Amino acid sequence: MTEASPMKRICLTLLLSAATPLTLATDKTWHPVEAGCHAQPVYGSLASWREAPHSLSSIRLAVAPDADRGPTITVALDRGLHRDLKANGEPVLIAAVGDRTRTCVHRMPLAACEPAEGVRDELVSLSIPLSRDFDADFSIRLHATRYHLQWRDGAGEANSLAFLDTEHPVSVAVTRAIDRLQPCWAPAMEAWRGSH
């Protein structure tokens, strides 16, 4: 095997750094669970996914525009089994729209969101390539939208991926899912716009 050039090592380091949250998780991180508008940023919750209340076999996805280019949209498709969700075992969709200062949360039964089951099935069957642009000579993205896919599988493993590449299969799947779920998160967006 040949050793990677210094430029390739720098590129890989930057790529891995971009996929790592910059905010350190604390047990005091606010998570969008309760309906209504809150004087809290949504970003910390994305960074501390492992501490967020979520049930086994649940998914959260988010699109976070860079540098105040619009609000972050997060949608959790949760089985409603975690006691802190106060869902009494009923599957729930929790949508949050927020920025650096304010987040509005909308909750609804998962069954009431018509596209949710199809979106969940599509995300569960997603294959993630590790080799995309692996041998690229150099690439830096300093300002870009971040696409998050976070889930806790049936074995209790918490997983989180974040991508800046709009053409990566995960980014494409997250964008498509957010678009399909729009009727279900629209009330959170409306509340967020009305709260400013």
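Here are the numbers for the structure shown:
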quantity: Unique residue being out of contact with any Ser or Thr (no Cβ under 8 Å at 6 or more places or on another chain), of a type in the set (Lys, Arg) and more than 15 Å from TRP185 (Cα to Cα) when the list is ARG79, ARG100; calculated: ARG100
quantity: Residues located in region 27-39, provided they are assigned to a loop (DSSP other than H, G, I, E, B), within 16 Å of TRP185 (Cα to Cα) and among the small types (Gly, Ala, Ser); calculated: ALA35
quantity: Out of ARG152, ARG146, sole residue that is crowded, with 21+ Cβ neighbours inside 10 Å, touching a strand residue (DSSP E or B) at 6+ places or on another chain (Cβ under 9 Å), among the basic types (Lys, Arg) and farther than 21 Å from ARG107 by Cβ; calculated: ARG146
quantity: Single unsatisfied condition, GLY36 versus (1) over 17 Å from LEU149 (Cβ atoms); (2) of a type outside the set (S, T, N, Q); (3) in contact with a strand residue (DSSP E or B) (Cβ under 8 Å, 6 or more places away or on another chain); (4) modelled with pLDDT under 85; calculated: (4)
quantity: Residue within region 128-139 that is among the β-branched types (Val, Ile, Thr), modelled with pLDDT of 90 or more and closer than 25 Å to PRO91 by Cβ present; calculated: no
quantity: Test for ALA186: is it aliphatic (A, V, I, L, M) and in a helix (DSSP H, G or I); calculated: yes
quantity: Pick from region 142-194, criterion among the hydroxyl-bearing types (Ser, Thr, Tyr) and farther than 15 Å from GLY70 by Cβ, ranking: modelled with the lowest pLDDT; calculated: SER160
quantity: Selection from region 151-170 of residues that are touching a Leu at 6+ places or on another chain (Cβ under 8 Å) and either among the hydroxyl-bearing types (Ser, Thr, Tyr) or assigned to a helix (DSSP H, G or I) (or both); calculated: SER160, PRO169, VAL170
quantity: Pairs with Cβ under 7 Å, 6+ apart, first in region 178-196 and under 15 Å from ARG107 (Cβ atoms) and touching a residue at least 40 places away in the same chain (Cβ under 8 Å), second of a type outside the set (Lys, Arg) and assigned to a loop (DSSP other than H, G, I, E, B); calculated: LEU181/CYS113; LEU181/PRO115; CYS184/CYS113; TRP192/PRO71
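The values are calculated or read from the model by the stated rules, or taken from the named source; none is laboratory data. None of the values given here were measured: they were computed from a predicted structure. Reconstructed Cβ throughout: ideal geometry from the backbone, glycine too, with neighbour counts over all protein chains shown.
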